1. Return the only residue of Asp36, Asp50 being farther than 14 Å from Gln91 by Cα and touching a Lys or Arg at 6+ places or on another chain (Cβ under 7 Å).
2. Taking the stretch 65-78 on its own, how many of its residues are outside any strand (DSSP E or B) and buried (at least 20 other Cβ atoms within 10 Å of the Cβ)?
3. Checking Thr58 against (1) touching a residue at least 12 places away in the same chain (Cβ under 8 Å); (2) open to solvent by 30 Å² or more (accessible area, probe 1.4 Å), which single condition isn't satisfied?
4. Given the criterion crowded, with 18+ Cβ neighbours inside 10 Å and over 16 Å from Val5 (Cα atoms), identify the matching residue among Ala93, Ala41, Ala81.
5. Only one of these is without any contact (Cβ under 8 Å) to a residue 12 or more places away in the chain, on the phi < 0 side of the Ramachandran plot and not small (Gly, Ala, Ser): Asn79, Asn68, Asn95. Name it.
6. Please count how many residues of the stretch 24-35 are open to solvent by less than 40 Å² (accessible area, probe 1.4 Å) and either assigned to a strand (DSSP E or B) or modelled with pLDDT of 95 or more (or both).
7. Would you confirm, using the coordinates I've provided, whether Ile57 is assigned to a strand (DSSP E or B) and among the hydrophobic types (A, V, I, L, M, F, W, C)?
8. Please verify whether Ile52 is of a type in the set (A, V, I, L, M, F, W, C), free of Cβ contacts under 8 Å to residues at least 60 places away in the same chain, in contact with a Pro (Cβ under 7 Å, 6 or more places away or on another chain) and open to solvent by 20 Å² or more (accessible area, probe 1.4 Å), treating the condition exactly as stated.
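The values are calculated or read from the model by the stated rules, or taken from the named source; none is laboratory data. Every value quoted in this text rests on a predicted model; they were computed, and no experiment measured them. Cβ placement follows ideal geometry from the backbone for every residue including glycine, while neighbour counts extend to all protein chains displayed. Note: areas computed on protein heavy atoms with side chains; ligands, DNA, RNA excluded. Shrake-Rupley method; radii C 1.70, N 1.55, O 1.52, S 1.80 Å.
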Amino acid sequence: MRPIVLTTTDASGGTTTSSAAILDIYGRPEVSLQLDITGTATCTVQQTLDDIWDSTITPTWFDHPDTNLVGATADKQGNYAYAPRAVRLRQTAGNGSAKLTIVQA
């Protein structure tokens, strides 16, 4: 799978959220994550098992189970040992920006 890149920028006026990255739930479960923060930003990687394409469902987003990827203010790497249905990046503070690169095996 090609890398997927999600971005957020400038949450000084309030929380910003990236678009969602859809993962292959039928593919290999290993997923690598790399969070790059530029400037001042506080970011959290989130995931859901809900079908975000189903308009009758409001997805429930959960913070990544690795606390290093929750409220991060510096570059981090992490992973999933399972493939969630979708991943997003949430920036809660700062006028900087963040980029999340996702690679599924």
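1. Details: Asp36 fails: farther than 14 Å from Gln91 by Cα.
After applying the criteria, what remains is Asp50.
2. Residues of the stretch 65-78 that are outside any strand (DSSP E or B), as a first pass: 65-71, 73-75.
Okay, now just the ones that are also buried (at least 20 other Cβ atoms within 10 Å of the Cβ), so 69.
Qualifying residue count for the region: 1.
3. (1)
4. Details: Ala93 fails: crowded, with 18+ Cβ neighbours inside 10 Å; Ala81 fails: crowded, with 18+ Cβ neighbours inside 10 Å.
Every option except Ala41 fails the conditions.
5. Working: Asn79 fails: without any contact (Cβ under 8 Å) to a residue 12 or more places away in the chain; Asn95 fails: without any contact (Cβ under 8 Å) to a residue 12 or more places away in the chain.
Only one candidate qualifies: Asn68.
6. Filtering the stretch 24-35 down to residues open to solvent by less than 40 Å² (accessible area, probe 1.4 Å) leaves 27, 31, 33, 35.
The next check asks that each one be either assigned to a strand (DSSP E or B) or modelled with pLDDT of 95 or more (or both); those that pass are 31, 33, 35.
So the count comes out to 3.
7. In short, no.
8. Details: of a type in the set (A, V, I, L, M, F, W, C): yes; free of Cβ contacts under 8 Å to residues at least 60 places away in the same chain: yes; in contact with a Pro (Cβ under 7 Å, 6 or more places away or on another chain): yes; open to solvent by 20 Å² or more (accessible area, probe 1.4 Å): yes.
Yes: the conditions hold for Ile52.
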